[in-house]
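The values are calculated or read from the model by the stated rules, or taken from the named source; none is laboratory data. Just so it is clear, the structure is predicted and the values come from calculations on it, not from any experiment. Neighbour counts run over all protein chains shown; Cβ positions are idealised from the backbone, glycine included. What goes into the accessible areas is simple: the full protein's heavy atoms, side chains included, and nothing from ligands, DNA or RNA. Shrake-Rupley method; radii C 1.70, N 1.55, O 1.52, S 1.80 Å.
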Amino acid sequence: MENRRGTIRHTKLRAFEEIESSLKYPFCLNFYDKPPIDDITIEEFETAALDRLRVLAEIESCFARNRSFDEMAEVIKTICKSDRCSLWLSTNSASDKDLDKEREKDHIGHFVLRLAFCRSEDLRQRFVKAETTLFKLRYRWDNTEERQQFLNTRDFDWVLASSEEVQELIPSDPPTTYYKVKWTRVPDLVEKRKVILKGGMAYVPAAEQASIVFQAFQTLLEKALEATAKALPRLDEDNRLVPILDNLSKGFQAGVSSEWASKTEGQEGLTADMIDEMAYKHYPACMRNLHMALRRDKHLKHYGRLQYGLFLKILGLSIDEAVAFWRKAFSSIQDDKFNKEYRYNIRHSYGLEGKRANYAAWSCQQILMSNEPGPGDSHGCPYRHFSTDNLQSALLTMYSDYGLTSQDMPEIMNMVKQKHYHVACTRVFEITHSRQGVKKGEGVGAGESVTHPNHYAARSRELTKEEGKEGDGDVVMQG
Amino acid sequence: MAISDKQEIEPVTPEIMLAFYRRLYPFKSLFAWLNHEHVPTKLFTNREFAFTLQGDVYLRYNSFSNADELKKQVCSYNPTRFEIGPVYSARPRDRKTVRPAAFSPQLRELVFDIDMTDYDPIRTCCSGADICHRCWAFIAAAVRVLDRAIRDQFGYHHLLWVYSGRRGIHLWVSDREALELTDDQRRALVGWLTVIHGGKEMHKKVNVRAPRTPLPPSIQQAYNMLEPVFRELILEDQDLFASEEGWKALLQLIPDNDIRSRLEEKWEEKARRSSESKWDDFVDEVERDKKPKSNLKNAKEDIIIQYTYPRLDAEVSKRRNHLLKAPFCIHPKTGRVCVPVDPRTIDSFDPEKVPTVQQLLRELDKIAPSATAGEGAAVVEHHSDWERTSLKPYVDMLDKHVMGLMEETRKAKQKMDLSW
Ligand SMILES: [Zn+2]
């Protein structure tokens, strides 16, 4: 520790030795030039990465949903501050916080995800975009003075343009301040013609100075990821890390699973005969599809039973009610066949048989990425696994009673086309709950997107409860 | 007369192509141009070449150790043309033996493609693949504007303009920094230079400023060059607003309903009114206009830009791995050589005067009968036969350009030596 603190100070932070002496991380902003070198546990490693992944995935879906930067700032701030992620970085003035601990977690999370996301061009690009956005947000949230101190510790290679130069290029009164950098350092400003170009130098107006910082962050990260990708084959030898990294990158591709997988926060006293109504009112399309298939065929294949059964468990269906539900649903099957083949599996999924594991309900990530459905299967994610035509008509069948119309389809199908399945699902949630006051962009609460079917259902029930109508609806049969 | 498919053109046979590659193609100059020095470096050895063979077979990822190897392969494939791609992190021909992650484009000249077909809505003399010295004036204006912008604004010096053999022109920028540009930076540069946006369905294609603000300085610079072009080319030569289609398109760009209907009435009545007079009618209206919030002066400038500003094929320039036809190839339809063009004399360049491959071979035969004629005759190397044909000034132009590149390389090396 001592050693490390000394190293950093002497290379980078000499200028601020006097101002910040007690902190390992003197600033909330970090360019992540150096990997963390303290020993960390596998749990710290995983938590820091997963929490950060949630934030990055939410940033991605903000882009997919075309949120303005202001809206995104609100959504991401809420998520960073939530207990689920706790990735909020306090400024130095917040004396009641363990600043080093917060910043170390940020540092570790960033580097773990680098390992996970350096492995393909596509992942690299997405990671860079999300991380650069997170940096931009923090830059905005940071205290102006501390931010300036941070900037002073780095060399951005900018030169203040002399007033003669400026007057010659851009005569104005009073003269504006311009910074001079190689144009290649600020491509985004060049593309939008927000600079003056002369001889390969870009004259950046003071108001756009932050762009130089962001571009530097992005360029540095791009290079670092490429270098990591080249070095990675050596890392693959550490087989404790590989599965975690694999999982993380899959999580990013599918939107991230929330803690819904294991929480049993369902309704007390949920019984088998309440499921039809529940399905009609509160299910996301994947579960609605499974439920409809079950009613139609009086049967579900293996993965369908698994996906739906675990969902029901988290929904709050007790083991006895679950057995009753499936017994009734498989109405064309004889008792002893049911007892022999299915009862065990249901009890097993509740952790009452076999190795008594408490199986988690599938997250959107798992539904999207594993056990791809074959021709006779009903599991999977309709947004991903249905043809465009089938998806449209299925969605209209499922949700037209809740206000979904064919006018909504182009927007939804466009998201699907761009492979933003959870975004499409979130949008459907918003539309079908607009009567309860859910507005576009609010998602399943605080702007979050759907990342777990149980989250979808729980939020839907919560909204109905808030309306004070839960329980007095009729039982509606679907079939 | 226009260069046209319908015109009688001597066919370019495989035999002609082979004789051209053997006796005339300046492989040594091409090598030096790509390599920036005499000893082969990765700039050449890791460079992708793609061949289009007779019958449209397309072979990608070829690479060569030196100019002789390239020449040998070209003579053996006898392609109708070949293209140049990026410098990869490994030799393209070895790409199957390296990890995919270790094979990616690293360096590439910054390239541009301007094609006459993009000018069809604003030219009256020809259309499609045809081109004549009259519509070449559009290309000439584009070359002057881009050449100036790239030198002044981006600070690049090593620009090679190459006639594409038929109806367009290519630009290759070989400055070290240009070679190193990432795709993002290329996209940004193209964005900076692109002014004409939107396809057929968009009337107004120029959107470079907020209402009632002056043109950005870089566009103002281009505008100053283009204003006289508009008068000479659009109004006088092409007489673009003579036809109803032409003047109706112009009306669409005028953002004032009163003026638009006044002009429409007038022009409908006097159908024969020349483009110049119609434009003067509009300019009179602009000058008379006293509405406080009027944007007409800007509209006038935007119209001039819309009718004259370079139309770029942006996709060609944005990505490092885009392939572009090599200089000195033969255009298969016209037989003309893709020769370098001097931007300073671009206005007097006449595409119809560019030598054809048949013409060059005839010139050569007059001096020395073809060595390829006799069956089984030893293949004599003719590295500098071009010196005795009308191809010479063009190869000289490339060689002079290459000298500039080599000088840069020498300076860079010297600097490195000193810094050690
Ligand atoms: Zn013409």
In region B:310-327, residue nearest to residue B:141 (Cα to Cα) [restricted to those that are open to solvent by less than 20 Å² (accessible area, probe 1.4 Å) and among the hydrophobic types (A, V, I, L, M, F, W, C)]: B:316
Select, from B:265, B:285, B:276, the only residue that is closer than 27 Å to residue B:137 by Cβ and either over 36 Å from the mean Cα position of the chain (by Cα) or surrounded by fewer than 16 Cβ atoms within 10 Å (Cβ to Cβ) (or both). B:276
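Residue-by-condition table, conditions (1) in a helix (DSSP H, G or I); (2) modelled with pLDDT of 70 or more; (3) in the same structural domain as residue A:312 (by TED's automatic domain parsing):
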{"residue": "A:225", "(1), (2), (3)": "yes, yes, no"}
{"residue": "A:237", "(1), (2), (3)": "no, no, no"}
{"residue": "A:260", "(1), (2), (3)": "yes, no, no"}
{"residue": "A:265", "(1), (2), (3)": "no, no, no"}
{"residue": "A:278", "(1), (2), (3)": "yes, yes, yes"}
{"residue": "A:281", "(1), (2), (3)": "yes, yes, yes"}
{"residue": "A:288", "(1), (2), (3)": "yes, yes, yes"}
{"residue": "A:293", "(1), (2), (3)": "yes, yes, yes"}
{"residue": "A:296", "(1), (2), (3)": "yes, yes, yes"}
Among the residues listed as B:171, B:189, the single one being within 11 Å of chain A (Cβ to nearest Cβ) and modelled with pLDDT of 95 or more: B:189
Please count how many residues of region A:376-414 are in a loop (DSSP other than H, G, I, E, B) and among the β-branched types (Val, Ile, Thr). 1
Hey, can you tell me all the residues within region B:315-371 that are under 17 Å from residue B:146 (Cβ atoms) and among the basic types (Lys, Arg)? B:318, B:344
Looking at region A:439-451, can you tell me whether even one residue there is in contact (Cβ under 8 Å) with a residue 24 or more places away in the chain and either part of a helix (DSSP H, G or I) or outside the structural domain of residue A:312 (by TED's automatic domain parsing) (or both)? no
Residue pairs qualifying under the 6 Å Cβ cut-off, at least six apart or on distinct chains, with the first in region B:130-146 being within 14 Å of chain A (Cβ to nearest Cβ) and more than 17 Å from residue B:223 (Cβ to Cβ) and the second being more than 10 Å from the ligand (Cβ to nearest atom) and open to solvent by less than 10 Å² (accessible area, probe 1.4 Å), are none
From (1) out of contact with any Lys or Arg (no Cβ under 9 Å at 6 or more places or on another chain); (2) assigned to a helix (DSSP H, G or I); (3) surrounded by fewer than 17 Cβ atoms within 10 Å (Cβ to Cβ), pick out the condition that doesn't hold for residue B:271. (2)
Residues in region B:357-378: is at least one in contact with a Phe, Trp or Tyr (Cβ under 6 Å, 6 or more places away or on another chain) and either within 28 Å of residue B:141 (Cβ to Cβ) or at pLDDT 90 or above (or both)? yes
Say whether the condition of being within 14 Å of chain A (Cβ to nearest Cβ), under 22 Å from the mean Cα position of the chain (by Cα) and within 25 Å of residue B:347 (Cβ to Cβ) is met by at least one residue in region B:199-208. yes
Restricting attention to region B:338-362, and to residues there that are free of Cβ contacts under 8 Å to residues at least 12 places away in the same chain and among the hydroxyl-bearing types (Ser, Thr, Tyr), which single residue is surrounded by the fewest Cβ atoms within 10 Å (Cβ to Cβ)? B:345
Just to be sure before I move on: is residue A:155 within 14 Å of chain B (Cβ to nearest Cβ) and either surrounded by 13 or more Cβ atoms within 10 Å (Cβ to Cβ) or free of Cβ contacts under 8 Å to residues at least 40 places away in the same chain (or both) in the structure I sent? no
Can you tell me which residue is surrounded by the most Cβ atoms within 10 Å (Cβ to Cβ) among those in region A:269-299 that are farther than 24 Å from residue A:376 by Cα and out of contact with any Gly (no Cβ under 9 Å at 6 or more places or on another chain)? A:278
Among helices (runs of 4 or more DSSP H) lying entirely in region B:109-220, which contain 1 or more residues that are farther than 19 Å from residue B:84 by Cβ, open to solvent by less than 10 Å² (accessible area, probe 1.4 Å) and away from the ligand (no atom under 16 Å from the Cβ)? B:133-152, B:183-193
Residue B:83 being more than 16 Å from the ligand (Cβ to nearest atom) and either part of a loop (DSSP other than H, G, I, E, B) or open to solvent by less than 60 Å² (accessible area, probe 1.4 Å) (or both): yes
Got a sec? Which of B:166, B:151, B:176 is over 10 Å from the mean Cα position of the chain (by Cα) and within 26 Å of residue B:224 (Cβ to Cβ)? B:151
Helices (runs of 4 or more DSSP H) fully within region A:114-212 counting 2 or more residues that are polar (S, T, N, Q) and modelled with pLDDT of 85 or more: A:121-141, A:144-152
The listed residue being more than 14 Å from every other protein chain (Cβ to nearest Cβ), aliphatic (A, V, I, L, M) and part of a loop (DSSP other than H, G, I, E, B), out of B:254, B:259, B:234: B:254
Which one is farthest from residue B:321 (Cα to Cα), of the residues in region B:147-168 that are hydrophobic (A, V, I, L, M, F, W, C) and at the interface with chain A (Cβ under 9 Å from one of its Cβ atoms)? B:149
